[in-house]
Each structure stands twice: as C-alpha cells, then as structure tokens.
1. Output the residue which, of all residues in region 3-22 that are over 18 Å from the mean Cα position of the chain (by Cα) and open to solvent by 30 Å² or more (accessible area, probe 1.4 Å), is modelled with the lowest pLDDT.
2. Looking at region 88-104, which of its residues are part of a helix (DSSP H, G or I), within 16 Å of the chain's Cα centre (by Cα) and surrounded by fewer than 22 Cβ atoms within 10 Å (Cβ to Cβ)?
3. What residue, among those in region 194-211 that are outside any loop (DSSP other than H, G, I, E, B) and under 14 Å from ASP62 (Cβ atoms), is least open to solvent (accessible area, probe 1.4 Å)?
4. All but one of (1) modelled with pLDDT under 90; (2) within 30 Å of GLU190 (Cα to Cα) hold for GLU90; which doesn't?
5. Is it fair to say ALA140 is in contact with a Phe, Trp or Tyr (Cβ under 6 Å, 6 or more places away or on another chain) and of a type outside the set (Val, Ile, Thr)?
6. Of the residues PRO226, PRO191, PRO214, PRO220, which is surrounded by fewer than 16 Cβ atoms within 10 Å (Cβ to Cβ) and within 24 Å of GLY69 (Cα to Cα)?
7. How many of the residues in region 54-82 are in a loop (DSSP other than H, G, I, E, B) and either in contact with a helix residue (DSSP H, G or I) (Cβ under 8 Å, 6 or more places away or on another chain) or modelled with pLDDT of 80 or more (or both)?
Amino acid sequence: MTDTPRRLLGLSDLHLGRDCKEITGFEGSVRPDPGFDVAFIDMLRHYTEGRESEWRLVFAGDFIDFVEGVLVPDEKGPANLLLTFEPSKEERSYGLGTEAERALVKLEMTLDYHRAFFEAVAEFVRRGGELVILRGNHDAEMHWGKVQRVLRRRLAEWAFRGSDFDLDDLLAERGRFQERIRFAPWFHLEPGRVYIEHGHQYDAYCSFDHQLYPVSPSDPKRIDTPLFMFAMRYFVNMMRDFMPHNVQAWGLRDYARWMRQRGASGALYTLRMAAGACL
C-alpha cells in the first residue's frame, strides 16, 4: 500500500455476519438481506467504476460482526474450512467463541452469506483500489493473523477466478493485490489530511484494556471480553425480537411495552437470560 493520497471512501459499522444466526435465527427476516449487499455494490460502483486506482476504501470498524453471529457448524464446517476443534457445550448454546479457529468459521460463513458484497470488494482491489480495515469492538478478532491471511486469500481467489495469467504472473498479481489490503489495529492516519478510528475506546462498556493486543490476560488464545460482549453473548443474541441497534433510543416505557408483548412465558425467559448474563 502506498502513501500517495487517494480519494477516500469510508464506511463504518456494516456488521456483516450479524445475520449468521444458526442457533437463534432472525424472527421474520430472510438471511442474508440481498438489498444490503446490492446497496453497497451500487455505491462502490457509482464512486469508483473505471477509476478504482484513484480510491482508498476504509472500513472503519465493526466491518465483520464476530460478536452477534450465533452459529455452531457441523463436523464438516463451512465449505472452505476443515474444523480443527470440537465445539464446547457452552458454544452449542451460545455460539462459537473468540479463538482464531472459531473466528475463521465465522469469517467463512460471513463470506458465504455475503458473497456478492465481497466479490465487489475483490474486484475493486483487483482494479487497483486500496483497502484499509480498522478494528472495532465487534471485529476485534481481526487481531488474529490467521483471520487476516484468510480474508486476503479469499478475496484474491475471487479477484483472479478464471484469469488467464500464467503461474508466475498470477503469483505476482496476487502478491500486489494483497499488498493493497491493510489491517489497521487502531486508526488510519494521513498526516495533515484525515484521522479515522472507530471510537469504541471512548466507551467504558466497549473498550479494551489493550487495544493493540486485545487478548484475554487469562487465556491469550481468546479475545478479551468487555462488558458489552457478555451482554451480547448471553442475553441480546438469545432474543430473536431484540435488535440492539434498534433500541438505542428506548426509554423505560419502551422496554416495559416490549416485555408485555412477550407475554408471561417470554418475560420469564427474558429475566432468566438476563440473570444468567450477570452471573
């Protein structure tokens, strides 16, 4: 990736993969939502088609949602990945954890669910565009080198599928392609021009003690767990009719109305899950 100034196109909080709900499902919705992918593809083409080498695309955090995806694969795993682990009993109830191998499964499922989206990104980079991926609080698993390498490789596979390069030229082109993809652990800076970060470090419930090394101090194979992760994993993800990004403006009356609509059994279930998340 060069330091040459380019036109900037920045997007944040796309949360790709939040529709991977293999355990709980999404009430009344179809997964994935093709309209979401189409809107992104249309926007990317509108700004960059024919001039991709002039552009730098910045995904400014929470690009892929490793937190809200709730899935446990069968023993075969996703089509492009051979499982190297056995999901635990807890994972079969709440979804896969944050280890690199678990994150790879979530990544592959997200790539499959939103293939059109990622094919458009791959074509953008193939035509000379640059891609910067910042970490947010929902995609801290981008810290893992394995996750970065697999995402680069899968994008390259789509970009050069069916190409007529000979082997040496293909390897050289893929190498240049992957060099135009950068993972930023905290922020993207172009001195005198722009500073971009996701901003979760300024939220006490979403911040990591060590943003540059967001691993658990008790188990370095896992990502650390800020308070929001506990709430998402053990409560919010289990509620089919509770979308966190739809309730940010709710007050006590809104929550009371939601509880009444769930009925007695639904309210008891909600209280039980909330209590479990606090333990």
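1. Here is the first cut: in region 3-22, the residues over 18 Å from the mean Cα position of the chain (by Cα) are 3-9.
Add one more test, that the residue is open to solvent by 30 Å² or more (accessible area, probe 1.4 Å), and what stays is 3-8.
On the way: ASP3: 69, THR4: 74, PRO5: 83, ARG6: 91, ARG7: 94, LEU8: 96.
Taking the candidates together, the pick is ASP3.
2. In the first step, residues of region 88-104 are kept if they are part of a helix (DSSP H, G or I); the result is 89-94, 100-104.
If we keep only those that are within 16 Å of the chain's Cα centre (by Cα) too, we end up with 100-104.
Once the filter is applied, which keeps residues that are part of a helix (DSSP H, G or I), within 16 Å of the chain's Cα centre (by Cα) and surrounded by fewer than 22 Cβ atoms within 10 Å (Cβ to Cβ), region 88-104 yields ALA100, GLU101.
3. Our first condition is that a residue be outside any loop (DSSP other than H, G, I, E, B); within region 194-211, this holds for 194-197, 200-202.
With under 14 Å from ASP62 (Cβ atoms) added as a condition, the list becomes 196-197, 200-201.
Working: ILE196: 36, GLU197: 39, HIS200: 14, GLN201: 44 Å².
Once the filter is applied, the top-ranked residue is HIS200.
4. That leaves (2) as the condition not met.
5. Working: in contact with a Phe, Trp or Tyr (Cβ under 6 Å, 6 or more places away or on another chain): no; of a type outside the set (Val, Ile, Thr): yes.
Taking the combined requirement at face value, the residue does not satisfy it.
6. On the way: PRO226 fails: surrounded by fewer than 16 Cβ atoms within 10 Å (Cβ to Cβ); PRO191 fails: within 24 Å of GLY69 (Cα to Cα); PRO214 fails: surrounded by fewer than 16 Cβ atoms within 10 Å (Cβ to Cβ).
The match here is PRO220.
7. The total comes to 16.
A quick yes/no check of all residues on (1) surrounded by fewer than 16 Cβ atoms within 10 Å (Cβ to Cβ); (2) at pLDDT 95 or above; (3) of a type in the set (Asp, Glu); (4) over 20 Å from ASP37 (Cβ atoms):
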| site | (1), (2), (3), (4) |
| --- | --- |
| ARG135 | no, yes, no, yes |
| ALA140 | no, yes, no, yes |
| TRP144 | no, yes, no, yes |
| VAL147 | no, yes, no, yes |
| ALA159 | no, no, no, no |
| PHE165 | yes, no, no, yes |
| LEU171 | yes, no, no, yes |
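The values are calculated or read from the model by the stated rules, or taken from the named source; none is laboratory data. A quick note: this is a predicted structure, and the numbers were derived from the prediction, not measured. Positions of Cβ are generated from backbone atoms using ideal geometry, with glycine treated the same way; all protein chains shown enter the neighbour counts. Just so you know, the surface numbers come from the protein's heavy atoms only, side chains and all, with ligands and any DNA or RNA stripped out. Shrake-Rupley method; radii C 1.70, N 1.55, O 1.52, S 1.80 Å.
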